[in-house]
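Engineer: Following this message is one structure expressed as structure tokens.
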Amino acid sequence: MRLSREPLVHFALLGALIFGVDSALHPPPKDDKVITVKKAMRQSFIDNFDEDKARVPSDSDVEKMIESWVASEILYREGKALGVDRGDDMIRDRVAFKMQLLIFDQVRVPEPTEEQLRAWFADNHARFDEQERVGFYLTPPTDQATARRQLDDIVQQHESEELQNQTRAILARPVASLAASFGESFRDALLAMPEGQWNVLQSKEGWHVVRLDSRRLGALASFENVRDEAARIWHTEETRKLAWEAVKRLKAAYQVRYEQ
């Protein structure tokens with residue numbers, strides 16, 4: 001009896017009915033349920049993973065991108081089957097997005113109990129903790145000898161106007177993000193510097209003249225202080241989880257082929 005009142009069940013039955021009638025009147029091509037992930041597409045996901053090329057995607061990252069694309073393709077085809085695109089010349093992603101909205105609209109997530117929310121917060125508290133942050137000045141990367149000459153000029157206040165304009169002020173940068181952008185040795189050396197003092201440091205890109213300007217220690221978040229935000233994020237994630245389960249049920253009717 002409970003299942004008969006579930007909106008997702010109504011949606012699935014309605015979709016099956018419409019799709020069944022449409023299939024009877026307009027039989028789909030033989031490979032309509034086959035999705036091929038081409039080698040060129042996989043390589044495109046890898047090439048476009050990070051615009052800054054700071055990190056190469058792992059196998060897990062690539063599989064997640066492919067999984068997302070396959071889900072989008074399924075939603076597109078199912079949306080087409082339901083006639084979502086009729087009278088609409090928008091591209092594939094727009095049709096898939098419409099179908100996604102239909103699924104999300106059917107998802108109903110009950111309010112979490114206090115115990116559920118506290119348990120979720122305990123597993124995800126790092127997302128709410130205040131991170132340790134630093135502010136610093138950084139000259140463009142160059143070779144070590146040039147950086148040392150620039151340091152002398154800065155200390156003597158004889159630096160060129162060009163160098164002044166090129167020196168970046170990096171404000172409240174999370175310490176946890178420094179290693180990925182500049183390297184672990186740069187991060188460790190920066191954190192060891194006294195505030196207000198210029199020095200020469202080497203990053204992954206080259207040598208810089210650097211001055212640590214500020215440092216703010218992190219702090220653990222209190223559940224009571226972030227409860228409303230935690231409940232909102234929990235609700236969003238639960239909605240996405242149920243919607244994704246609905247997409248996976250649709251995916252069961254498809255065959256995904258990988259081009260070798």
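The values are calculated or read from the model by the stated rules, or taken from the named source; none is laboratory data. No experiment lies behind these values; they were computed from the predicted model shown. As a convention, Cβ positions derive from the backbone with ideal geometry for all residues, glycine included, and neighbour counts pool all protein chains shown. Just the protein is used for accessible areas: all its heavy atoms, side chains included, with ligands, DNA and RNA removed. Shrake-Rupley method; radii C 1.70, N 1.55, O 1.52, S 1.80 Å.
Engineer: Would you tell me the accessible area of D228, worked out with a 1.4 angstrom probe on the heavy atoms of the protein chains, in Å² to the nearest 10?
Structural biologist: Taking all protein chains as shown, D228 has close to 130 Å².
Engineer: Right, another one. How do S203, S160 stack up against each other in accessible area, from largest to smallest, with a 1.4 angstrom probe? Don't jump to the answer; show the numbers that get you there.
Structural biologist: Values: S203 15, S160 60 Å².
Of S203, S160, the descending order of accessible area is S160, S203.
Engineer: When a/c reaches 1.5 or more, the comparison of a/b and b/c decides; with that in mind, is the stretch 104-181 rounded, prolate or oblate per its Cα gyration tensor?
Structural biologist: Working: a/c = 4.59, a/b = 3.49, b/c = 1.32.
Taking the square roots of the gyration eigenvalues as a ≥ b ≥ c, the stretch 104-181 is prolate.
Engineer: To continue, here is another question. Return the FRET efficiency for the residue pair R148, H125: r is the Cβ-Cβ distance, R0 is 35 Å, and the value is rounded to the nearest 0.05.
Structural biologist: Values: r = 44 Å, r/R0 = 1.25.
The value I calculate is 0.20.
Engineer: Roughly what would the spin-label model give for F49 and E195, points 7 Å off Cα along C-beta, in nm?
Structural biologist: 3.8
Engineer: Can you classify the stretch 199-260 as rounded, prolate or oblate using the Cα gyration tensor, where a ≥ b ≥ c are the square roots of its eigenvalues, rounded means a/c under 1.5, and otherwise it's prolate if a/b beats b/c and oblate if not?
Structural biologist: Working: a/c = 7.57, a/b = 1.52, b/c = 4.98.
Oblate is the answer for the stretch 199-260, as a/c is 1.5 or above yet b/c matches or exceeds a/b.
Engineer: Within the stretch 54-127, list the trypsin sites (Lys or Arg not before Pro) lying in a DSSP loop whose Cβ has at most 15 other Cβ atoms in a 10 Å radius. Walk me through the numbers before you get to the answer.
Structural biologist: Values: sites: R55, K64, R77, K80, R86, R92, R94, K98, R108, R118, R127; in loops: R55, R86, R108.
In loop regions of the stretch 54-127 (DSSP not H, G, I, E or B), the sparsely surrounded trypsin sites (Lys or Arg not before Pro) are R55, R86, R108.
Engineer: Sort the stretch 54-124 into rounded, prolate or oblate with this rule: let a ≥ b ≥ c be the square roots of the eigenvalues of the Cα gyration tensor; rounded if a/c is under 1.5, and if a/c is not under 1.5, prolate when a/b is larger than b/c, oblate otherwise. Walk me through the numbers before you get to the answer.
Structural biologist: On the way: a/c = 3.61, a/b = 1.35, b/c = 2.66.
Judged from the Cα gyration tensor, the stretch 54-124 comes out oblate (a/c at least 1.5, b/c at or above a/b).
Engineer: Also, I was wondering about something else. In whole Å, largest first, what are the principal axis extents of the Cα atoms in the stretch 144-183?
Structural biologist: Extents along the principal axes, in whole Å: 34, 21, 15.
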